[in-house]
1. By how many nm would the segment from residue 66 to residue 30 lengthen if fully extended, with 0.36 nm per residue of separation less the alpha-carbon distance?
2. Straight-line reach only, C-alpha to C-alpha below 25 angstrom: list the lysines that residue 20 could link to, leaving out same-chain residues fewer than 8 apart.
3. Treating the beta-carbon of each Lys and Arg as +1 and of each Asp and Glu as -1, no other charges, what is the dipole magnitude of the range 20-115 about its Cα centre, to the nearest 20 debye?
4. Where a ≥ b ≥ c are the square roots of the eigenvalues of the C-alpha gyration tensor, would you call the range 20-115 rounded, which needs a/c under 1.5, or, failing that, prolate if a/b is larger than b/c, or oblate?
5. How many nm separate the modelled label positions at residue 42 and residue 76, each set 7 Å beyond the Cα in the direction of the Cβ?
6. Say each of residue 99 and residue 111 gets a label point 7 Å from the Cα, pointing the same way as Cα to Cβ; how far apart are those two points in nm?
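Coordinate-derived values only; no laboratory data. Just so we're clear, the structure is a prediction, and the values are computed from it rather than from any experiment. Positions of Cβ are generated from backbone atoms using ideal geometry, with glycine treated the same way; all protein chains shown enter the neighbour counts.
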Amino acid sequence: MISSHFYQDGIDQLQLLKLKNLNNKEAVELFIHKVPSRKEIYKIFKWEQVLELDEYTKSIKKNFQSPKCQARHTHNITCIKEYLAQHPLFEILKGMPLAVSIVASQVMSFSLKEIY
């Protein structure tokens, strides 16, 4: 696949880059960055969304150990990022930047639970 943001003056000017797979924390950061709407990011980063995803994951994956934050505080974006980095969704995507970007665009229409 060849992609470019700029006009290329002939094929000899193209550079091929091999993208490395991301670790799960990097994948979560890319996922957040690629969500098309800031409004949708606020929808994702609600603890209720994480709880819904967690319950669903446990119902279909019996051996899933919930990595959710056990602290007694108002859960913030850091707690949610850490949860997502340990969730099977990002294992399925295998850190492939294109896959993460495509899935991020789906939050406009689907919840995290529905995407998983």
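1. On the way: separation 36, 0.36 × 36 = 12.96 nm, distance 2.25 nm.
That pair, residue 66 and residue 30, stretches by 10.7 nm at full extension.
2. Output for residue 20: 34, 81, 94.
3. On the way: 15 positive and 10 negative charges, 15 e Å.
The dipole magnitude comes to about 80 debye.
4. Working: a/c = 1.44, a/b = 1.21, b/c = 1.19.
Rounded is the answer for the range 20-115, as its axis ratio a/c remains below 1.5.
5. For the pair residue 42/residue 76, the computed spacing is 1.8 nm.
6. 2.5
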